[in-house]
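Have a look at the structure below, then the notes.
The values are calculated or read from the model by the stated rules, or taken from the named source; none is laboratory data. In this text the structure is predicted, and so the values were computed from the model without any measurement. Positions of Cβ are backbone-derived with ideal geometry, glycine not excepted, and every protein chain shown enters the neighbour counts. Just the protein is used for accessible areas: all its heavy atoms, side chains included, with ligands, DNA and RNA removed. Shrake-Rupley method; radii C 1.70, N 1.55, O 1.52, S 1.80 Å.
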Amino acid sequence: MLSYLIKRLLLMIPILFGITLICFIVINLAPGSPAMFQEELSPKASPEAVQALKKLYGLDKPLHERYINWLKMVFTLDLGKSFVDGRKVEDKIKERLPITITLNLLSLIFIFIVAIPIGVYSALRPGSIFDRALTFFVFTGFSVPTFWLALLAMIVFGVNLGWLPISGIQSIGVEKMPFHERVIDYIKHLILPVTIMSFSGLAGMSRYTRSSMLEVLNQDYIRTARAKGVPERVVIFRHALRNALLPVITLLGLSIPGLIGGSVIFESIFSIPGMGQLFYSSAMARDYPTIMGILLIGALLTLIGNLIADIAYFIVDPRIRVKRDV
Amino acid sequence: MFKIILRRILKNKFALAGLIFIFFIVFVAIFSSYIAPYDPYKINVYKVLEPPSKEHPFGTDELGRDVLSRVIYGAKVSLKVGFLAMGIAILTGTILGALAGYYGGLIDSIIMRVVDVMLSFPTLFLILAVVAFLEPSIYIIMIVIGLTGWMDVARLVRAEVLSLKEREFVLAARAIGASSFRIIFRHILPNAIYPVIVAATFSVGGAILIESGLSFLGLGVQPPEPSWGGILSIGKDYITVAWWLSLFPGIAIFLTVLSFNLVGEALRDATDPRHWTED
């Protein structure tokens, strides 16, 4: 276990460097510098003022020097100051991160709870109406633009039926409400975003569970179990499902970047003050340090998610403890 | 082989429907200026936000422009981005995957590490960062979507090349002195073509989804140029009064992407022997 963990962590180091490098390249190869951006805002700014501004932001130094400086800052967990309001980037991210992580975790849990029973059920009855409905749902889930689905849901449940709020994560004046009402208010605000965020993940996961389950059900050990008279329920849940769920763990890990990336769209649609929304507004304002910081954090979250998935896989599946090609 | 595959696809009625819809939407995109009932840029202040009617089947937008005409013109943008981004992703992925699989060793480790790094980014973050810094234009969008979508193709091609390069016909080619370049492009890759075509079909749909999302955020195709995501973005602003702005472009995106996915799925089933026994 320990040697596997160490090997796995060592493998992350080159990837981490690659991530910082790409963050840096992306932001710096772009032509619009913040100084130029300021210039656009006030065309009367003198060249000296622009130069001073560049110096202030460290933009007058050559690229590699800036990269090394930035890297030093990153490793001391200092992500610099925002160009927009001069606040520390790590503070800005810190206050937004919990909301985004909460939303993502909720949708992962939702996906897990809903998709697995669906997948198992349709694997047990391949070709049935339920199974076909699942196939239909899977194709819809992969093809529908989720932000459109969000709009439709807002029109139906928010505007027409008026059941659910369509923006923000709490109502105005929520502080004055008693605790249980506040919780209900919070939940009401989360229902739409979480369901819509989970939609394509649900489709993918249930399809995956289904095919994984179908594959396992054809294995010899399942036939053996049935042959020796193990009750069907035990065969399905103890013998088959446990093995079928193994690859699902990996898929959960792999779905993290998509979820985090999607938060940009969902948070801006539902006006949720999370990291995605911060990223969007920073991108619009060309706020270099904040963008770099969020890109970096997004990639780190993905890495951590994959690490957790790998470790979980390692713990659950004794076979890979013997030999695993990483 | 090709005939067999075609017959298999045509037998699948969903795939057939998808194929027909793809032809339809390509036709609409090419002849948009003849098909559209109105000029998609023509502003009419007397017909602002009119609900669907006989004159304007999809209604009008906040500037009185005909939404149907704008949806028809939007097909052009979406298909252009979809196909070209796919081309860039497939080309990059195939070349890098082939190099990694064929040469192995250091080249393989470097390329696969790059794949790992690229896969650790939430794709939308990366795209958004780049698009936000450059002047948003349809070409930048294509390139960025293409360059963030090649990793799966690279992995796929690498795996194919790894297994193909040990086969007798490759050894034979090497024995008669064929160059590595020739072996990769003339002997190995043609044998890995079907999985690549399948991936390409799916990636057109994926690219269209990303483009519409970007245009929806205002970082894709810039108004007044009509795009499906762009109309939806206006639909969001008028969500309480004009549902038609949110409905029709979304259906267009959905059906187009669905068609590519259905065809891709049928292609996979038709070309992958492992799927022949299923269903």
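Scanning region B:97-141 for residues that are among the acidic types (Asp, Glu) and assigned to a helix (DSSP H, G or I), we see that the one that is farthest from the other protein chains (Cβ to nearest Cβ) is B:ASP108.
Among the residues of region B:39-71, those that are in contact with an Asp or Glu (Cβ under 9 Å, 6 or more places away or on another chain) and either in a helix (DSSP H, G or I) or among the hydrophobic types (A, V, I, L, M, F, W, C) (or both) comprise B:LYS47, B:VAL48, B:LEU49, B:PHE58, B:VAL67, B:SER69, B:ARG70. Cβ-Cβ under 6 Å, sequence separation 6+ or interchain: first residue in region B:107-130 and closer than 14 Å to A:THR302 by Cα, partner open to solvent by 10 Å² or more (accessible area, probe 1.4 Å) and not in a helix (DSSP H, G or I). Which pairs? Correct list of pairs: B:THR123/B:THR148; B:LEU126/B:THR148. The test for being crowded, with 17+ Cβ neighbours inside 10 Å, among the β-branched types (Val, Ile, Thr) and more than 9 Å from chain B (Cβ to nearest Cβ) does not hold for A:VAL144. Annotation note: of A:ALA244, A:ALA240, A:ALA227, the sole residue that is open to solvent by 30 Å² or more (accessible area, probe 1.4 Å), away from chain B (no Cβ under 11 Å) and at pLDDT 85 or above is A:ALA227. Could you list all residues from region B:235-245 that are facing chain A (nearest Cβ under 8 Å) and either within 10 Å of B:PHE58 (Cα to Cα) or surrounded by fewer than 23 Cβ atoms within 10 Å (Cβ to Cβ) (or both)? Listed by number, the residues that qualify are B:LYS236, B:ILE239, B:THR240, B:TRP243. Scanning region B:22-33 turns up at least one residue that is farther than 28 Å from A:PHE136 by Cα, of a type outside the set (Gly, Ala, Ser) and either surrounded by fewer than 17 Cβ atoms within 10 Å (Cβ to Cβ) or under 27 Å from the mean Cα position of the chain (by Cα) (or both).
Would you please name the residue that is nearest to the other protein chains (Cβ to nearest Cβ), looking only at residues in region B:246-272 that are of a type in the set (Val, Ile, Thr) and in contact (Cβ under 8 Å) with a residue 60 or more places away in the chain? The residue in question is B:ILE253. From B:VAL157, B:VAL131, which residue is closer than 15 Å to B:GLY97 by Cβ and among the β-branched types (Val, Ile, Thr)? Testing whether each residue is closer than 15 Å to B:GLY97 by Cβ and among the β-branched types (Val, Ile, Thr) leaves just B:VAL157. Just wondering, is there one or more residues in region B:5-13 that are assigned to a loop (DSSP other than H, G, I, E, B), of a type outside the set (Ser, Thr, Tyr) and either farther than 23 Å from B:ALA75 by Cβ or open to solvent by 70 Å² or more (accessible area, probe 1.4 Å) (or both)? Yes, region B:5-13 has at least one match.
Give region A:262-279 a look and list any residue that's under 15 Å from A:SER107 (Cβ atoms), touching a residue at least 60 places away in the same chain (Cβ under 8 Å) and not small (Gly, Ala, Ser), or say none.
Passing the criteria: A:ILE265, A:PHE266, A:GLU267, A:ILE269, A:PHE270, A:ILE272, A:MET275.
Across region B:162-180, the number of residues qualifying as open to solvent by 40 Å² or more (accessible area, probe 1.4 Å) and more than 17 Å from B:GLY104 (Cα to Cα) comes to 6. Under the condition of being more than 7 Å from every other protein chain (Cβ to nearest Cβ) and in a helix (DSSP H, G or I), the residues counted in region A:270-291 number 10.
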